[in-house]
1. So how long is each side of the chain along the principal axes, counting just the alpha-carbon atoms, biggest first, in Å?
2. Would you mind checking the radius of gyration and Dmax of the stretch 19-101 based on alpha-carbon positions, in Å?
3. How big is the Kirkwood radius of the stretch 164-208, worked out from every pair of different alpha carbons and given in Å to one decimal?
4. For the stretch 81-190, what is the relative contact order in percent, using Cα pairs closer than 8 Å and at least 6 residues apart in sequence?
5. Taking N as the number of residues in the stretch 127-178, what is its Cα Rg relative to 2.2 N^0.38 Å?
6. How big is the gap, in Å, between the Cα center of the stretch 29-64 and the Cα center of the stretch 208-244?
7. Count the DSSP beta bridges whose two residues both fall in the chain, then state the antiparallel fraction as a percent rounded to the nearest 5.
8. Quick one: which of 338-350, 238-250 comes out on top by average Cβ neighbours within 10 Å, and what's the full order, highest first?
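Since every read-out is calculated from the coordinates, none of them should be taken as a lab result. No experiment lies behind these values; they were computed from the predicted model shown. With ideal geometry, Cβ positions are generated from the backbone for all residues, glycine too; neighbour counts draw on all protein chains shown.
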Amino acid sequence: MTAFKERVFSGVQPTGNLHLGNYLGAIKRFVALQDSYDCIYCVVDMHAITQPVAVWGGPKELMSQTREVTAAFLAAGIDPKKHVVFNQSQVPEHAELAWVFNCIARLGWLNRMTQFKEKAGKDRENASIGLYDYPVLMAADILAYRATHVPVGEDQKQHLELTRDIAQKFNNDFAGSIAARGFGEAFFPLTEPLIGGPAARVMSLRDGTKKMSKSDPSDNSRINLTDDADAVAQKIRKAKTDPEPLPSEEKGLESRPEADNLVGIFAALKGVAKADVLADYGNAQFSTFKSALVDLAVDTMGPIGAEMKRLTADPGHIDAILSEGAARAGVLARETMAAVKDIVGFVRRA
Ligand code: ATP
Ligand code: MG
């Protein structure tokens, strides 16, 4: 097997409010990976526009949300000097590579993608082609850097499998050309998803069977990173639960989705396992447990929200970080794209 340089890539869309699911399932884990990998973290603005304008809010909103997601990365502890932070549309190779991958990916593969089905809903005829093609652009985001590891929430598992399928088919279809160009057996790595921990899938506070999402019309369904302490307290107190006290063993959380979700959130915020939380709160009533969860959530999230507000007050500073990151990402992506052109057989300027 060809050996690939280890590299982490992940992205977050600048649509709507960043929430606790994005933080615990993705951003908090991005921060932790900085010590062991070279990391590239991207604000995927080209993905945001795949949804109807009413969802992403138009040009002004897109710009401010792009800066807000960047601020969240920085406030959470991502270091844009040691690692790379940028917005997708500043590196055109993402779109260019997506075209090549459009010719690799099969309709049958994309027809199986559940995110498209969920987001398009009943009015599929009216969904954008971009929404359908979203997973191919995502494969290009990752493979433009030949990234080996991608931290994401559970909901993105299927898209990462598609990324591996695209990489594998490219490696097979062009095996001769890849070897002739000196890249060995494979040009693209089969990227490993990094999914896991107690908050890989944070659920809605109103419905334990639905994922917490930016696009949920009910603001009470999620905790936003910029919510103040009162809002956090109110949303947690109102969160749906069942009438039983908490179990003392993890097995007791099965078929209790709301209880499982709140215990998972507590565990992820504290950086412990669900079993440890139950060792402390087993047999407690929800009122007691919710009070402890409010304190923990406010202590952890409060400083991040405050730092985000401080950072977004200076958009010039954020834009400078994004353009510096884009320049560094561009060097890597251009190198990949030049090799892809040679492998595919596109004549290019020397
Ligand atoms: P949208 O509803 O617009 O798709 P989103 O909340 O899913 O928004 P994304 O920008 O699509 O946000 O995802 C950013 C990252 O957050 C991804 O890694 C995704 O897997 C993760 N993520 C999103 N929702 C959750 C959740 N409820 N629990 C854990 N991780 C999540
Ligand atoms: Mg999503």
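1. 68, 44, 44
2. Values for the stretch 19-101 (Cα only, Rg and Dmax): 13.8, 40 Å.
3. Values: mean 1/r = 0.0756 Å⁻¹.
After inverting the pairwise mean of 1/r, the radius is 13.2 Å.
4. Details: 80 pairs, mean separation 29.3, N = 110.
Here the relative contact order equals 27 percent.
5. Working: Rg = 12.2 Å, N = 52, 2.2 N^0.38 = 9.9 Å.
Relative to the 2.2 N^0.38 Å estimate, the stretch 127-178 comes out at 1.23.
6. Computed from Cα coordinates, the inter-centre distance equals 22 Å.
7. Values: 2 of 16 bridges.
Roughly 10 percent of the DSSP beta bridges within the chain come out antiparallel.
8. On the way: 338-350: 11.9, 238-250: 15.1.
Per-residue Cβ counts within 10 Å, averaged per peptide and sorted highest first, yield 238-250, 338-350.
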